[in-house]
1. Specify the residue that is surrounded by the most Cβ atoms within 10 Å (Cβ to Cβ); the eligible residues are those in the stretch B:103-132 that are over 21 Å from the mean Cα position of the chain (by Cα), within 13 Å of chain C (Cβ to nearest Cβ) and assigned to a helix (DSSP H, G or I).
2. Quick one: which residue in C:ALA469, C:ALA448 is outside any loop (DSSP other than H, G, I, E, B) and more than 28 Å from the chain's Cα centre (by Cα)?
3. For the stretch C:687-801, please list each of the helices (runs of 4 or more DSSP H) lying entirely inside it that holds at least 2 residues being closer than 30 Å to C:ALA500 by Cα and modelled with pLDDT under 85.
4. Could you tell me whether the stretch A:129-139 includes any residue that is at pLDDT 90 or above and part of a helix (DSSP H, G or I)?
5. Considering each of A:GLU176, A:GLU161 in turn, give the residue that is within 21 Å of B:ILE73 (Cβ to Cβ), of a type in the set (Asp, Glu) and more than 10 Å from chain B (Cβ to nearest Cβ).
6. Out of A:VAL190, A:VAL184, report the one residue that is farther than 28 Å from B:LEU70 by Cβ, part of a helix (DSSP H, G or I) and within 12 Å of chain B (Cβ to nearest Cβ).
7. Any residue at all in the stretch B:85-102 that is crowded, with 19+ Cβ neighbours inside 10 Å, modelled with pLDDT of 90 or more, touching an Asp or Glu at 6+ places or on another chain (Cβ under 7 Å) and within 19 Å of B:ILE61 (Cα to Cα)?
8. Run B:TYR78 past the list (1) surrounded by fewer than 23 Cβ atoms within 10 Å (Cβ to Cβ); (2) more than 17 Å from the chain's Cα centre (by Cα) and report the number of the one that doesn't hold.
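The values are calculated or read from the model by the stated rules, or taken from the named source; none is laboratory data. Computed from a prediction, not measured in an experiment: that's the story for all the values here. Positions of Cβ are generated from backbone atoms using ideal geometry, with glycine treated the same way; all protein chains shown enter the neighbour counts.
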Amino acid sequence: MNLTGWEAVFFWVFAICAIFAGLLTVMARNAVHSALFLISSLVSVAALFILLHAEFIAGVQILVYVGGVMVLFLFVIMLVNVGAEERGRDEIFNHPRQVGASLIFCFLLVGGLLFAVNKGYQGLRTRDEAKLVQGAEDRINQEKSLSRSGTGTTKITVDTESVAQSLYRYASLPFEIASVLLLVAIIGSVMLARTLKQEVSADDVAPEELPEELRRHPEVGKVEVGT
Amino acid sequence: MILTVFAFVVQEASGGVLSQMKESAKHPDLSKFLVIGAILFIIGVAGVLTRRNIIVIFMSIELILNAANLNFIAFSRYLQETGNVNALAGQIFAVFVIVVAAAEAAIGLGIVIALYRNKETIWVDEIDLLKW
Amino acid sequence: MYRYIWLVPILPLLGATINGLLGRKFRFSEPLIGGIAVGSVALSFLISLAAVYSYGFGSNSVWPNAYVTSKDGNSFNWIPGGAVNINLGSEARQAVELDKERQKKLAAMTPEERARPQAFAIATFDFPRSALLNIEWSYQLDPLSSIFMLVVTGVGLCIFVFATGYMHGDNGFYRFFAYMGLFMFSMLLLVMGSNFVMMFVGWEGVGLCSYLLIGYYFDRQEAANASRKAFITNRIGDFGFALAIFGVIATFGTAQYTDVFAQAKDYPLELLGHWGILSWIALGLFVGACGKSAQLPLHVWLPDAMAGPTPVSALIHAATMVTAGLYMVTRTNVIFQHSQTMMLVVALVGAATALFAATIGITQNDIKKVLAYSTVSQLGFMFMACGVGAFAIGIFHVMTHAFFKALMFLGAGSVIHGMHHEQDMRRMGGLKKYMPYTYMTFLAGWLAICGIIPFSGFWSKDEILWSTASTTYIPLGWLVWLVGTIAATCTAFYMTRLMAMTFWGKEKFLEQPAGGEADEAHASAYDKGLASHDAHLESAGDRPRHEPGEHVGPVHEDITTHVTTHGRGGHPHGAHLPHESPPSMWIPLVVLAVLATIGGFVGISPAFTGGKHVGGRLNIVRYLDPIIWNPATRYFGSEEMFDSYGKRLIFERAELTLTTLPEGETQKLLAGPYKTEGFNLAHTIESKLGSETATEWLFIILSLLVAGIGIGLGLLFYVKDTRLPDIWAERLRPLYVASYHKYWVDEFYGWAITRRTMDAARAVYAFDSKVVDGAVNGVAWLTRGFSRVVGGIDKYFVDGLVNTIAAFIMRLMSPLLRAAQTGFTQNYALVMVLGLMIVVALFFAGDIAGDIAAALKNIFALFV
């Protein structure tokens, strides 16, 4: 799956961008900056996906990950993080001991991972030499047979189609389960984020804790009726 | 370190590993993607372990998941190339990873909000109730 | 009629049960209780009279055979047994078998063959035998039991009638007659039982009733002690008796009299010096007899038994219970006659007892005590008779003794009653004017016991003395005769003394202050502040509670005013003057006096009747013949037995012996199977005088003489010159003191036996409480100590170890482990990453190491 020519260039651009953005994510002082850097990292990775002929996944990444999850992150940052800067210069990193140990571990890990990747790839390539060549040729032939788009400049790939074919045929059960999982996540997040007042009005406080809570937060007891 | 540099120099003298690298750079293949994924993964891990802000930790976790996604997709492409019938499983799995990441982010942030309401803090080192 | 003898024991039992169970509950009146009791005994007496008549003298009489009720089915299988091993006396049995063989062979030979010297097989193989032991409940009517039946019920009837008068006013009237009825039942069982076990049941029953009746006044300490003493002493005898019964069963395989004696008669004799199985059995039986009949050394209970009411003393300790030993010895005379050693023992013990008790009786002051020792002495006489082989005479003396001793006891009871429960003879005197009936009847008894012709006592006592002098059964017959004669002298002496002190002479009760219950009532009334006539004691006692001379209550200077001014109130003191008893009391006395006078003629001495016992079956010796074993002919009954028609009865064996053996042998057999050599008094005198009758007359005159001497001395000492007793008591002071203190036998027993037993009990108790309990407690202490030690080890060593280790680890690890719990989530995440690293390392360590090694090698290669 060699990428050649402009694909290689774009690969390197987006790769460096992703890594850089990721690095800045963990190093940014401001949480919002952190979120934005993460968004850029995600978008870079989506571009890498496109380079890997996984357009659908790239789209899903942008829409769901960036458009949903990161927005949620930003909302929560607004809710939670607002007073952090006003309180002064707080440390953003942990105790040096922890940071030092983590860095050592990470360096060792990255060394090991890189080594493993290289080693594995070598073995993989030696094994799949012929297939790779064959695959590349097939790809080229396949690309030739692709239909052109409406404008005539690009070809319409069949990647998304084959993903759909696989997803809805062989992975339909996981698909449904995933939807149930999302449902559970919705309910869970709603429940987790309720205030005490909301819980009392929904009658979801344990009876033995209610008096305690009412004593501590008397305003909870005042339930507005009507309006 | 010095030994590594020295070894590198020596190897360079003995056949040009740098030129090899230049060549391979012109044709990035699976290994490059995997390396990128690994590096992203490590960055995410470092962020989880190092940052004090709980939201940033969550974002680092998203980075980790993303790196894993990259890995999946890269392999999916590679397997397509090598003619494996289950090649698309990588992409499908990536879909599910994204789904799970989204759900997990939602729940996790809900917890963060509840935690913030109780503890009034977002610094994880202040949340040490399990300390002896 | 004799088939109804099974009714005889049941009727008194019935009366006793009704009186005992219902008498108090339904508050029977005294006449009712007395009526039931007397009526039952009277019925028994009548039935036994009829039975004995029809047995021995009627047209269908079965005399001389014994009648057992099982013949008519009036019996039941009481103790169904199993097989018993007959493993005792096998040598004797072997000899019996041999002898039978020999006789069979002899009978089969012609006279010429018999004359030749014989040789027979030596030994037969005696294998262990077994028999089926069944003990049945049936009654036996034979000459011996018939005499006893009549005596027990007849004399018992008189005593019951007397007791209704004597016990009048006592709160326990019903109880008294219940016990008495129970006693009659047991005694009748004893004499009528057809096997040893029934006799033993009756034996124990009379012992029990004796205990109950002696201790009738149970609130008095002395009565309780006496009853206990009687029972325990009896029990010692019972032990021997029980062993003898076991021996009988193990030797003969049965307990029925008929079967046992049929087997025993063939056993070889065990002469002096040879001690075989029959001697053992006889020993056990005699020990039982000693206990029951108060012979030396088990005589101690009889005098103390006088603490019971006087009718009890009369019935039990004069007429019936104490004669049970005699009954038993005579019943088993087969066994006794087989053992010459035991015969000698019986005779000597009897003689010793006779003399011993007689000498004690001389010095006693309580009227009942004198009579008690007299009883012991007369029982000694009876055993003397049995010991020298004159069993029938012994039984004859039992009969006559029952008559006159019961008479005298009842008379004494009458005296005591008339003297308001005064028993000390020193306070009596001159009672013949106040109590004439009592006096006349007592006179008859006195003459009988002294042995004055023609009263009953003379006949029996004389025959006894003659038998002892002329016996061929044991050596030392002369010694027995001598001792008996001296005892007879003493008997006459102390009985005369009793008569003199009680009935003749001056009225000593007028001179001395009264003692006894009258004064007791006065004393208690004085204490309570009551008028003396309101005093009434719940339990009437027979014994004075105060010592002679001790006066309780206000002293009256003038005794005559005391005498004349008192006399009102519930208990008619009668001004303390003795009064005659009511008819219910003196009528039985009269009956017994008549019997004591004429009752001896059934045993009239052959010296008076021409050398033979006349009267056929009416002569007691003839009557009892079928049960007495003859060692010469080895069969029951003497050779000269005649039936009522005068026809001579010869039994098979006797005929065989007399007609088939060679001349010399027969003579040797008849001469004396015991081969007693040595001095025989009667034979010596006979050889001097020339005829047996003359010798007999000599002995008769001798016994009359000694009786006369005794009476004369008594009159001299107590009527003529009343200072003499004290003078002679001083002169013979050691003898007097010994006799007065009853030779200190009770004290000796107390020291040697009672206190030693209690010491042993204390020792055992000490052993138990110190050693056994100590061991147990010691084990407990050890266990506790051990548990403490173990606990200490556990607490200090083990727990210490654990605690030390735990503390050490805790001190070591706690900070370390605590440090791990930082509560800081990222620390935990760091650990997770560390784990990841380890996994990666595990996978790739080899390769990484290889790569580094290769690189290093390259570097080295480059340099090198």
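1. By that ranking, first place goes to B:VAL112.
2. Working: C:ALA448 fails: more than 28 Å from the chain's Cα centre (by Cα).
C:ALA469 is the lone residue from the list that is outside any loop (DSSP other than H, G, I, E, B) and more than 28 Å from the chain's Cα centre (by Cα).
3. C:724-731
4. Taking the stretch A:129-139 and keeping what is at pLDDT 90 or above, we get none.
No, every residue in the stretch A:129-139 fails to be at pLDDT 90 or above and part of a helix (DSSP H, G or I).
5. The match here is A:GLU161.
6. Numbers: A:VAL184 fails: farther than 28 Å from B:LEU70 by Cβ.
Testing whether each residue is farther than 28 Å from B:LEU70 by Cβ, part of a helix (DSSP H, G or I) and within 12 Å of chain B (Cβ to nearest Cβ) leaves just A:VAL190.
7. Scanning the stretch B:85-102, I find at least one residue that is crowded, with 19+ Cβ neighbours inside 10 Å, modelled with pLDDT of 90 or more, touching an Asp or Glu at 6+ places or on another chain (Cβ under 7 Å) and within 19 Å of B:ILE61 (Cα to Cα), so the answer is yes.
8. (1)
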